[in-house]
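Everything on this sheet refers to the single structure shown next.
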Amino acid sequence: MDTHPADTQSAFGFSGSWREFLPIALSNLALTIVTLGVYRFWGQVRERKYLWSHSRFIDAPLDWTGTGTELFVGFLMSAVLFGVPFFIINFGVQALALQGYGEIAGLITAAAFILIYFLVGVARFRALRYRLSRTYWRGIRGGSDNPGIQYGWSYIWKNAVGWLPLGLLIPWSMVSLWNERWKQMSFGSHQFDSTADFGGLMKRFLLFYLSPIIFFVVVFIALIVGGIGAAILGIGGAVFGGGAEPAQWVIASLILIVVATFYLILPMIWLIFYAKFYRVVVGSLTLEKLQFSFSASTQNWLLLFLGDFAIWFVASVISLTPIALIVAAFGLLDGIEIPRAGESTVAFEVAMTAGLLALIMIPLTLVGPFLRYRHWAFFMRHMEAYGEIDVGSLTQSDTRVNKHGEGLLDALDVGAF
(Lines give C-alpha, C1' and ligand atoms only; values in the text may rest on other atoms or scores of the structure.)
Protein backbone atom coordinates (compact mmCIF):
# COMPACT_ATOMS: atom_id res chain seq x y z
CA MET A 1 0.00 0.00 0.00
CA ASP A 2 1.57 3.31 -1.14
CA THR A 3 1.34 6.85 0.15
CA HIS A 4 3.00 9.75 -1.64
CA PRO A 5 3.35 13.51 -1.05
CA ALA A 6 1.20 14.14 -4.09
CA ASP A 7 -1.74 12.23 -2.66
CA THR A 8 -4.75 14.44 -2.07
CA GLN A 9 -5.68 12.51 1.05
CA SER A 10 -3.40 12.52 4.06
CA ALA A 11 -2.24 9.22 5.51
CA PHE A 12 -3.59 10.37 8.88
CA GLY A 13 -6.98 11.86 9.60
CA PHE A 14 -9.35 12.75 12.42
CA SER A 15 -13.13 12.86 12.10
CA GLY A 16 -14.17 13.61 15.67
CA SER A 17 -16.52 16.39 16.75
CA TRP A 18 -16.55 18.27 20.04
CA ARG A 19 -20.36 17.97 20.05
CA GLU A 20 -20.03 14.18 20.09
CA PHE A 21 -17.23 14.38 22.65
CA LEU A 22 -19.18 16.66 25.04
CA PRO A 23 -21.53 13.93 26.43
CA ILE A 24 -18.50 11.75 27.17
CA ALA A 25 -16.75 14.58 29.03
CA LEU A 26 -19.89 15.50 31.02
CA SER A 27 -20.72 11.93 32.04
CA ASN A 28 -17.08 11.27 32.97
CA LEU A 29 -17.10 14.37 35.16
CA ALA A 30 -20.32 13.35 36.90
CA LEU A 31 -19.08 9.82 37.60
CA THR A 32 -15.69 11.13 38.77
CA ILE A 33 -17.41 13.42 41.27
CA VAL A 34 -19.67 10.64 42.53
CA THR A 35 -16.72 8.25 42.99
CA LEU A 36 -14.52 10.95 44.59
CA GLY A 37 -12.06 10.88 41.70
CA VAL A 38 -11.60 7.13 41.30
CA TYR A 39 -13.54 6.93 38.02
CA ARG A 40 -11.14 9.30 36.22
CA PHE A 41 -9.03 6.35 35.03
CA TRP A 42 -12.02 4.64 33.42
CA GLY A 43 -13.12 8.03 32.11
CA GLN A 44 -9.78 8.42 30.32
CA VAL A 45 -10.32 5.06 28.66
CA ARG A 46 -13.68 6.28 27.31
CA GLU A 47 -11.97 9.43 26.01
CA ARG A 48 -9.23 7.46 24.28
CA LYS A 49 -11.61 4.96 22.74
CA TYR A 50 -13.48 7.87 21.16
CA LEU A 51 -10.33 9.69 19.99
CA TRP A 52 -8.65 6.57 18.65
CA SER A 53 -11.77 5.28 16.88
CA HIS A 54 -12.17 8.62 15.07
CA SER A 55 -8.52 8.62 14.00
CA ARG A 56 -7.57 7.08 10.67
CA PHE A 57 -4.26 5.80 9.35
CA ILE A 58 -4.44 5.24 5.58
CA ASP A 59 -7.68 3.28 5.23
CA ALA A 60 -8.45 1.94 8.71
CA PRO A 61 -9.26 3.50 12.12
CA LEU A 62 -7.17 3.06 15.24
CA ASP A 63 -8.43 1.13 18.24
CA TRP A 64 -7.58 1.67 21.93
CA THR A 65 -7.66 -1.51 24.02
CA GLY A 66 -6.35 -0.25 27.37
CA THR A 67 -8.47 -0.51 30.50
CA GLY A 68 -9.19 1.70 33.48
CA THR A 69 -7.86 -0.96 35.82
CA GLU A 70 -4.46 -0.82 34.09
CA LEU A 71 -4.28 2.95 34.45
CA PHE A 72 -5.37 2.77 38.08
CA VAL A 73 -2.80 0.09 38.97
CA GLY A 74 -0.09 2.05 37.15
CA PHE A 75 -0.97 5.16 39.12
CA LEU A 76 -0.82 3.30 42.44
CA MET A 77 2.58 1.82 41.55
CA SER A 78 3.95 5.22 40.58
CA ALA A 79 2.50 6.87 43.67
CA VAL A 80 4.51 4.44 45.80
CA LEU A 81 7.71 4.72 43.73
CA PHE A 82 7.65 8.52 43.68
CA GLY A 83 6.14 8.91 47.13
CA VAL A 84 9.03 7.23 48.96
CA PRO A 85 11.74 9.65 47.72
CA PHE A 86 9.47 12.64 48.42
CA PHE A 87 8.79 11.34 51.93
CA ILE A 88 12.54 10.94 52.55
CA ILE A 89 13.23 14.49 51.35
CA ASN A 90 10.40 16.12 53.29
CA PHE A 91 10.73 14.31 56.61
CA GLY A 92 13.82 12.11 56.90
CA VAL A 93 16.29 14.73 55.69
CA GLN A 94 14.84 17.41 57.93
CA ALA A 95 15.12 15.13 60.94
CA LEU A 96 18.78 14.38 60.17
CA ALA A 97 19.57 18.06 59.66
CA LEU A 98 18.00 19.01 63.00
CA GLN A 99 20.11 16.37 64.73
CA GLY A 100 23.31 17.81 63.26
CA TYR A 101 23.87 15.36 60.41
CA GLY A 102 23.87 18.01 57.68
CA GLU A 103 26.32 16.29 55.34
CA ILE A 104 24.45 12.98 55.47
CA ALA A 105 21.17 14.84 54.91
CA GLY A 106 22.69 16.54 51.86
CA LEU A 107 23.86 13.25 50.38
CA ILE A 108 20.49 11.61 50.93
CA THR A 109 18.73 14.60 49.34
CA ALA A 110 20.98 14.39 46.28
CA ALA A 111 20.43 10.63 45.99
CA ALA A 112 16.65 11.05 46.32
CA PHE A 113 16.56 13.68 43.56
CA ILE A 114 18.66 11.47 41.29
CA LEU A 115 16.25 8.59 41.97
CA ILE A 116 13.26 10.81 41.13
CA TYR A 117 14.91 11.92 37.88
CA PHE A 118 15.67 8.30 37.00
CA LEU A 119 12.06 7.29 37.64
CA VAL A 120 10.79 10.15 35.46
CA GLY A 121 12.94 8.85 32.59
CA VAL A 122 11.71 5.29 33.04
CA ALA A 123 8.13 6.56 33.26
CA ARG A 124 8.44 8.51 29.99
CA PHE A 125 9.79 5.42 28.23
CA ARG A 126 7.11 3.11 29.61
CA ALA A 127 4.31 5.58 28.85
CA LEU A 128 5.19 5.43 25.16
CA ARG A 129 5.65 1.64 25.31
CA TYR A 130 2.27 1.18 26.98
CA ARG A 131 0.37 3.39 24.55
CA LEU A 132 1.88 1.63 21.56
CA SER A 133 0.99 -1.76 23.05
CA ARG A 134 -2.64 -0.68 23.48
CA THR A 135 -2.98 0.97 20.06
CA TYR A 136 -4.25 -1.39 17.36
CA TRP A 137 -4.44 -0.83 13.61
CA ARG A 138 -5.91 -3.61 11.48
CA GLY A 139 -5.65 -5.82 14.55
CA ILE A 140 -1.90 -5.17 14.89
CA ARG A 141 -0.29 -3.43 17.85
CA GLY A 142 3.08 -1.97 18.82
CA GLY A 143 5.26 -2.09 21.90
CA SER A 144 8.73 -2.92 23.17
CA ASP A 145 10.43 -5.59 25.27
CA ASN A 146 12.87 -3.05 26.68
CA PRO A 147 11.99 -2.26 30.34
CA GLY A 148 13.35 1.28 30.06
CA ILE A 149 15.98 0.97 32.80
CA GLN A 150 18.85 1.97 30.52
CA TYR A 151 16.77 4.88 29.23
CA GLY A 152 16.30 6.05 32.83
CA TRP A 153 20.08 6.34 33.26
CA SER A 154 20.39 8.00 29.86
CA TYR A 155 17.72 10.48 30.94
CA ILE A 156 19.95 11.50 33.86
CA TRP A 157 23.33 11.84 32.16
CA LYS A 158 22.11 13.25 28.85
CA ASN A 159 20.11 15.97 30.59
CA ALA A 160 23.14 16.69 32.79
CA VAL A 161 25.35 17.04 29.69
CA GLY A 162 22.73 19.30 28.12
CA TRP A 163 22.60 21.64 31.14
CA LEU A 164 26.22 21.66 32.33
CA PRO A 165 27.67 23.89 29.56
CA LEU A 166 25.26 26.69 30.58
CA GLY A 167 22.38 24.85 28.89
CA LEU A 168 23.86 25.15 25.39
CA LEU A 169 23.49 21.42 24.65
CA ILE A 170 19.82 21.12 25.61
CA PRO A 171 18.81 20.57 21.94
CA TRP A 172 21.31 17.71 21.75
CA SER A 173 19.90 16.05 24.88
CA MET A 174 16.29 16.44 23.66
CA VAL A 175 17.03 14.97 20.24
CA SER A 176 19.29 12.20 21.57
CA LEU A 177 16.66 11.06 24.07
CA TRP A 178 13.97 11.10 21.38
CA ASN A 179 16.11 8.90 19.12
CA GLU A 180 16.96 6.49 21.92
CA ARG A 181 13.35 6.16 23.02
CA TRP A 182 11.90 5.48 19.58
CA LYS A 183 14.63 3.10 18.44
CA GLN A 184 13.46 0.71 21.15
CA MET A 185 9.86 0.72 19.90
CA SER A 186 8.21 -1.42 17.25
CA PHE A 187 4.87 -1.82 15.53
CA GLY A 188 3.88 -5.25 14.42
CA SER A 189 7.01 -7.06 13.25
CA HIS A 190 8.84 -3.86 12.23
CA GLN A 191 11.18 -1.74 14.34
CA PHE A 192 11.02 2.05 14.45
CA ASP A 193 14.17 4.00 13.62
CA SER A 194 14.96 7.63 14.42
CA THR A 195 18.02 9.52 13.17
CA ALA A 196 17.22 13.12 14.10
CA ASP A 197 20.13 15.59 14.19
CA PHE A 198 20.15 18.59 16.52
CA GLY A 199 22.35 20.76 14.26
CA GLY A 200 19.43 22.34 12.42
CA LEU A 201 17.84 23.40 15.73
CA MET A 202 20.73 25.46 17.10
CA LYS A 203 19.86 28.75 15.39
CA ARG A 204 16.38 28.83 16.89
CA PHE A 205 17.64 27.63 20.25
CA LEU A 206 20.30 30.34 20.34
CA LEU A 207 17.57 32.86 19.54
CA PHE A 208 15.78 31.69 22.68
CA TYR A 209 19.00 31.37 24.67
CA LEU A 210 20.43 34.82 23.87
CA SER A 211 17.22 36.82 23.61
CA PRO A 212 16.82 37.42 27.38
CA ILE A 213 20.39 38.69 27.66
CA ILE A 214 20.14 40.98 24.66
CA PHE A 215 16.67 42.08 25.65
CA PHE A 216 17.59 43.06 29.19
CA VAL A 217 20.73 44.88 28.08
CA VAL A 218 18.70 46.94 25.61
CA VAL A 219 15.94 47.54 28.17
CA PHE A 220 18.46 48.53 30.84
CA ILE A 221 20.07 51.09 28.57
CA ALA A 222 16.67 52.37 27.45
CA LEU A 223 15.45 52.72 31.03
CA ILE A 224 18.55 54.63 32.05
CA VAL A 225 18.20 57.00 29.11
CA GLY A 226 14.45 57.25 29.64
CA GLY A 227 14.84 57.84 33.37
CA ILE A 228 17.35 60.60 32.81
CA GLY A 229 15.12 62.17 30.20
CA ALA A 230 12.08 61.92 32.47
CA ALA A 231 13.97 63.53 35.32
CA ILE A 232 15.12 66.37 33.10
CA LEU A 233 11.73 67.00 31.57
CA GLY A 234 9.78 66.26 34.75
CA ILE A 235 7.29 64.01 32.96
CA GLY A 236 7.44 61.13 35.43
CA GLY A 237 4.63 62.55 37.54
CA ALA A 238 2.51 63.32 34.50
CA VAL A 239 2.70 59.74 33.29
CA PHE A 240 1.46 58.31 36.59
CA GLY A 241 -1.11 60.91 37.52
CA GLY A 242 1.09 63.55 39.08
CA GLY A 243 2.35 61.62 42.12
CA ALA A 244 5.04 59.36 40.73
CA GLU A 245 8.68 60.31 40.80
CA PRO A 246 10.93 59.50 37.83
CA ALA A 247 12.50 56.66 39.83
CA GLN A 248 9.08 55.13 40.41
CA TRP A 249 8.31 55.44 36.72
CA VAL A 250 11.51 53.55 35.88
CA ILE A 251 10.77 50.80 38.43
CA ALA A 252 7.17 50.38 37.25
CA SER A 253 8.29 50.18 33.62
CA LEU A 254 10.94 47.62 34.50
CA ILE A 255 8.40 45.43 36.31
CA LEU A 256 6.01 45.54 33.35
CA ILE A 257 8.80 44.67 30.92
CA VAL A 258 10.02 41.75 33.05
CA VAL A 259 6.50 40.33 33.37
CA ALA A 260 5.87 40.70 29.63
CA THR A 261 9.21 39.07 28.84
CA PHE A 262 8.74 35.97 31.00
CA TYR A 263 5.05 35.41 30.29
CA LEU A 264 4.78 36.49 26.65
CA ILE A 265 8.04 37.02 24.79
CA LEU A 266 10.14 34.07 26.02
CA PRO A 267 7.30 31.52 25.62
CA MET A 268 6.78 32.80 22.07
CA ILE A 269 10.47 32.36 21.22
CA TRP A 270 10.50 28.90 22.82
CA LEU A 271 7.48 28.01 20.70
CA ILE A 272 9.45 28.98 17.59
CA PHE A 273 12.15 26.51 18.66
CA TYR A 274 9.76 23.75 19.70
CA ALA A 275 7.80 23.87 16.43
CA LYS A 276 11.05 23.27 14.54
CA PHE A 277 12.14 20.59 17.03
CA TYR A 278 8.94 18.61 16.53
CA ARG A 279 9.16 18.82 12.74
CA VAL A 280 12.77 17.63 12.83
CA VAL A 281 12.33 14.67 15.20
CA VAL A 282 9.08 13.39 13.70
CA GLY A 283 10.55 13.86 10.22
CA SER A 284 13.41 11.55 11.20
CA LEU A 285 11.09 8.73 12.30
CA THR A 286 10.74 5.69 10.03
CA LEU A 287 8.99 2.33 10.19
CA GLU A 288 10.36 -0.08 7.57
CA LYS A 289 9.61 1.84 4.30
CA LEU A 290 7.35 4.44 5.90
CA GLN A 291 8.71 7.95 6.49
CA PHE A 292 6.80 10.16 8.94
CA SER A 293 6.57 13.95 9.01
CA PHE A 294 4.81 16.67 10.97
CA SER A 295 3.54 19.75 9.15
CA ALA A 296 2.57 22.11 12.01
CA SER A 297 4.24 25.51 11.72
CA THR A 298 4.93 27.97 14.52
CA GLN A 299 1.71 29.74 13.61
CA ASN A 300 -0.25 26.49 13.96
CA TRP A 301 1.24 25.88 17.42
CA LEU A 302 0.50 29.47 18.41
CA LEU A 303 -3.14 29.16 17.38
CA LEU A 304 -3.37 25.89 19.32
CA PHE A 305 -2.13 27.46 22.56
CA LEU A 306 -4.13 30.66 22.06
CA GLY A 307 -7.20 28.44 21.77
CA ASP A 308 -6.18 26.67 24.99
CA PHE A 309 -5.82 30.03 26.72
CA ALA A 310 -9.24 31.12 25.46
CA ILE A 311 -10.83 27.93 26.86
CA TRP A 312 -9.15 28.48 30.24
CA PHE A 313 -10.25 32.12 30.25
CA VAL A 314 -13.89 31.33 29.44
CA ALA A 315 -13.97 28.54 32.03
CA SER A 316 -12.49 30.85 34.67
CA VAL A 317 -15.04 33.56 33.94
CA ILE A 318 -17.89 31.06 34.16
CA SER A 319 -16.57 29.58 37.42
CA LEU A 320 -16.12 32.98 39.06
CA THR A 321 -19.52 34.29 37.97
CA PRO A 322 -21.43 32.72 40.93
CA ILE A 323 -19.09 34.41 43.41
CA ALA A 324 -19.48 37.74 41.64
CA LEU A 325 -23.26 37.42 41.65
CA ILE A 326 -23.32 36.54 45.35
CA VAL A 327 -21.12 39.50 46.20
CA ALA A 328 -23.20 41.81 44.00
CA ALA A 329 -26.46 40.61 45.54
CA PHE A 330 -25.17 40.36 49.11
CA GLY A 331 -27.90 42.67 50.36
CA LEU A 332 -30.58 40.29 49.09
CA LEU A 333 -29.35 37.49 51.37
CA ASP A 334 -31.48 38.92 54.18
CA GLY A 335 -34.51 37.47 52.45
CA ILE A 336 -33.16 33.93 52.63
CA GLU A 337 -34.36 31.88 55.58
CA ILE A 338 -31.11 31.00 57.25
CA PRO A 339 -31.41 28.83 60.36
CA ARG A 340 -31.54 30.96 63.52
CA ALA A 341 -29.32 30.71 66.54
CA GLY A 342 -29.85 27.47 68.38
CA GLU A 343 -30.98 25.62 65.26
CA SER A 344 -28.77 23.20 63.34
CA THR A 345 -26.78 25.05 60.67
CA VAL A 346 -24.39 22.26 59.70
CA ALA A 347 -26.50 20.83 56.88
CA PHE A 348 -27.24 24.29 55.52
CA GLU A 349 -23.56 25.30 55.51
CA VAL A 350 -22.46 22.03 53.93
CA ALA A 351 -25.09 22.33 51.19
CA MET A 352 -24.19 25.95 50.45
CA THR A 353 -20.46 25.21 50.39
CA ALA A 354 -20.83 22.11 48.20
CA GLY A 355 -23.09 23.94 45.77
CA LEU A 356 -20.73 26.89 45.48
CA LEU A 357 -17.68 24.65 45.00
CA ALA A 358 -19.52 22.68 42.31
CA LEU A 359 -20.40 25.86 40.43
CA ILE A 360 -16.77 26.96 40.60
CA MET A 361 -15.02 23.66 39.84
CA ILE A 362 -17.21 22.09 37.13
CA PRO A 363 -16.25 24.58 34.36
CA LEU A 364 -12.55 24.32 35.28
CA THR A 365 -12.67 20.50 35.44
CA LEU A 366 -14.12 20.31 31.92
CA VAL A 367 -11.10 22.16 30.53
CA GLY A 368 -8.80 19.11 30.76
CA PRO A 369 -10.83 16.75 28.53
CA PHE A 370 -11.29 19.39 25.83
CA LEU A 371 -7.62 20.30 25.83
CA ARG A 372 -6.79 16.61 25.36
CA TYR A 373 -9.34 16.49 22.53
CA ARG A 374 -7.84 19.57 20.83
CA HIS A 375 -4.24 18.36 21.18
CA TRP A 376 -5.01 14.89 19.83
CA ALA A 377 -6.91 16.36 16.86
CA PHE A 378 -3.99 18.77 16.25
CA PHE A 379 -1.52 15.90 16.30
CA MET A 380 -3.52 13.68 13.93
CA ARG A 381 -4.28 16.48 11.45
CA HIS A 382 -0.62 17.45 11.10
CA MET A 383 0.91 13.98 10.98
CA GLU A 384 1.83 12.57 7.61
CA ALA A 385 3.48 9.41 6.28
CA TYR A 386 5.09 8.72 2.92
CA GLY A 387 6.35 5.56 1.31
CA GLU A 388 4.77 2.14 1.26
CA ILE A 389 3.61 -0.43 3.77
CA ASP A 390 3.09 -4.11 3.08
CA VAL A 391 0.16 -5.03 5.29
CA GLY A 392 0.74 -8.72 4.56
CA SER A 393 4.22 -8.56 6.08
CA LEU A 394 3.07 -6.54 9.07
CA THR A 395 2.43 -9.46 11.38
CA GLN A 396 1.34 -9.22 14.99
CA SER A 397 3.85 -7.95 17.51
CA ASP A 398 5.23 -10.49 19.96
CA THR A 399 6.44 -7.85 22.43
CA ARG A 400 5.43 -8.09 26.06
CA VAL A 401 2.11 -6.51 27.08
CA ASN A 402 2.20 -4.76 30.46
CA LYS A 403 -0.63 -5.14 32.92
CA HIS A 404 -0.41 -1.56 34.16
CA GLY A 405 -0.66 1.84 32.51
CA GLU A 406 1.37 5.03 32.35
CA GLY A 407 1.21 5.72 36.07
CA LEU A 408 2.35 9.16 37.19
CA LEU A 409 2.81 10.48 33.66
CA ASP A 410 -0.79 9.56 32.93
CA ALA A 411 -1.95 11.17 36.15
CA LEU A 412 -0.09 14.37 35.25
CA ASP A 413 -1.41 14.10 31.67
CA VAL A 414 2.01 14.03 30.02
CA GLY A 415 1.67 12.94 26.39
CA ALA A 416 3.44 9.87 25.12
CA PHE A 417 5.16 11.83 22.37
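The values are calculated or read from the model by the stated rules, or taken from the named source; none is laboratory data. Treat the numbers as computed from the prediction; the structure is a model and nothing was measured. For neighbour counting, all protein chains shown are included, and Cβ atoms are generated from backbone atoms with ideal geometry for every residue, glycine included. Each accessible area value is taken on the protein alone, full model and side chains, heavy atoms only, with ligands, DNA and RNA left out. Shrake-Rupley method; radii C 1.70, N 1.55, O 1.52, S 1.80 Å.
Of the residues I221, I156, I88, ranked by 1.4 Å probe accessible area with the largest first, the sequence reads I221, I88, I156.
Taking N as the number of residues in the stretch 38-187, what is its alpha-carbon radius of gyration divided by 2.2 N^0.38 Å? After normalising by residue count via 2.2 N^0.38 Å, the value is 1.32.
Of F113, F277, the order by accessible heavy-atom surface (1.4 Å probe, DNA, RNA and ligands excluded), from most exposed downward, is F113, F277.
Sorting 26-36, 366-376, 189-199, 168-178 by their mean Cβ neighbour count within 10 Å, with the most densely packed peptide first, gives 168-178, 366-376, 189-199, 26-36.
Counting protein heavy atoms only, the stretch 122-207 has 63 percent of its accessible area on carbon and sulfur, 1.4 angstrom probe. Rounded to the nearest 20, the size of the Cβ-charge dipole of the stretch 1-117 about its Cα centre is 380 debye, with Lys and Arg at +1 and Asp and Glu at -1.
If one computes the Cα centroid of the stretch 202-223 and of the stretch 39-76, what distance in Å separates the two points? Each part reduced to its Cα centre gives a spacing of 43 Å.
Excluding same-chain neighbours fewer than eight residues apart, the lysines reachable from K158 by a Cα-Cα span under 29 Å are K183, K203, K276. Taking a ≥ b ≥ c as the square roots of the Cα gyration tensor eigenvalues, with a/c under 1.5 meaning rounded and otherwise prolate when a/b beats b/c, else oblate, which class fits the stretch 109-229? Here the stretch 109-229 falls in the prolate category. The Cβ shell under 15 Å around W153 holds other residues with a net charge of +3, Lys and Arg each +1, Asp and Glu each -1. All distinct Cα pairs of the stretch 27-76 go into the 1/r average, and the inverse of that average, the Kirkwood radius, is 11.7 Å. Rounded to the nearest Hz, the phi-derived 3J(HN,Hα) couplings of the stretch 271-288 under the Karplus curve 6.51 cos²θ - 1.76 cosθ + 1.60 (θ = phi - 60°) are 5, 4, 5, 5, 4, 5, 4, 5, 5, 5, 6, 5, x, 8, 8, 10, 9, 6, where x marks glycine and proline. Excluding ligands, DNA and RNA, the accessible surface per residue across the stretch 32-91 is 50 Å² with a 1.4 Å probe.
Between F57, F21, T69, the Cα set farthest toward the positive side of the dipole of the stretch 21-124 (charges on each charged residue's Cβ, about the Cα centre) is that of F21.
Between K289 and S15, the contour length at 0.36 nm per residue exceeds the Cα-Cα span by 96.0 nm.
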